[in-house]
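Below: the structure, in structure tokens.
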Amino acid sequence: MHRKDFIRKFGYLAVALPASTYLFNSCAGLYYASFVEEDGALRIPKSEFLQEKGGKQIEREMVVVQNRSMGYPIGVFRTPDGGYKASLMRCTHRGCELSIAGSTYSCPCHGSEFDRSGKVLEGPAEENLRSFEITADSENIYVHVS
Ligand code: FES
């Protein structure tokens, strides 16, 4: 096989592999928490925020809840004061599903960004994300979705 033929045939791998690795890694950081829906709330065990890393137990900064009845996932971030913030991962511009980039929500459609509490950081979206009241007891947090 000639060099030009080789590049023509396999050159796309030079672009596709790093891109797919990036996408895989950015998705790999998301943790989909288990939960139980009861009395209009999603009960998430606080233990869902814990993970083993390097032989130590550390706390996740956020988890995602895949609740079908809402039509979009819900992101639940921990806050520095020990609380939680839950936001529907639906962009308020035109309704695209948001992704998570670090500690911000980002929209793949037109680039809007929202902070961990759902507040608009960057347009074109002008409205903050729909957020949910959260209560907690010693074992669980409850995201009140209705
Ligand atoms: S739908 Fe999200 S920025 Fe347009």
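Computed quantities for the displayed model
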item	result
Boolean, ARG68 is away from the ligand (no atom under 11 Å from the Cβ), on the phi < 0 side of the Ramachandran plot, surrounded by fewer than 19 Cβ atoms within 10 Å (Cβ to Cβ) and over 12 Å from the mean Cα position of the chain (by Cα)	yes
Meets criteria (in the same structural domain as GLU133 (by TED's automatic domain parsing) and under 16 Å from THR135 (Cα atoms)) for GLU61	no
Unique match (being touching a helix residue (DSSP H, G or I) at 6+ places or on another chain (Cβ under 9 Å) and among the aliphatic types (A, V, I, L, M)) among ILE74, ILE134, ILE141, ILE58	ILE141
The one condition in (1) at pLDDT 95 or above; (2) of a type in the set (Gly, Ala, Ser); (3) within 16 Å of the ligand (Cβ to nearest atom) that ALA101 fails to fulfil	(1)
Residue identified as at pLDDT 95 or above and either exposed (fewer than 14 other Cβ atoms within 10 Å of the Cβ) or assigned by TED's automatic domain parsing to the domain that holds PHE132 (or both) among PHE49, PHE114	PHE114
Hey, ALA125 among the hydrophobic types (A, V, I, L, M, F, W, C), within 11 Å of the ligand (Cβ to nearest atom) and either under 16 Å from GLU37 (Cα atoms) or part of a loop (DSSP other than H, G, I, E, B) (or both) or not	yes
Candidates ILE141, ILE58 - the one that is aliphatic (A, V, I, L, M), part of a strand (DSSP E or B) and surrounded by 14 or more Cβ atoms within 10 Å (Cβ to Cβ)	ILE141
In segment 104-122, the residues that are of a type in the set (D, E, K, R) and near the ligand (Cβ under 10 Å from one of its atoms)	GLU113, GLU122
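The values are calculated or read from the model by the stated rules, or taken from the named source; none is laboratory data. This is a predicted model, so every value here is computed, not measured. In this analysis, Cβ positions are derived from the backbone assuming ideal geometry, glycine residues included, and neighbour counts consider all displayed protein chains.
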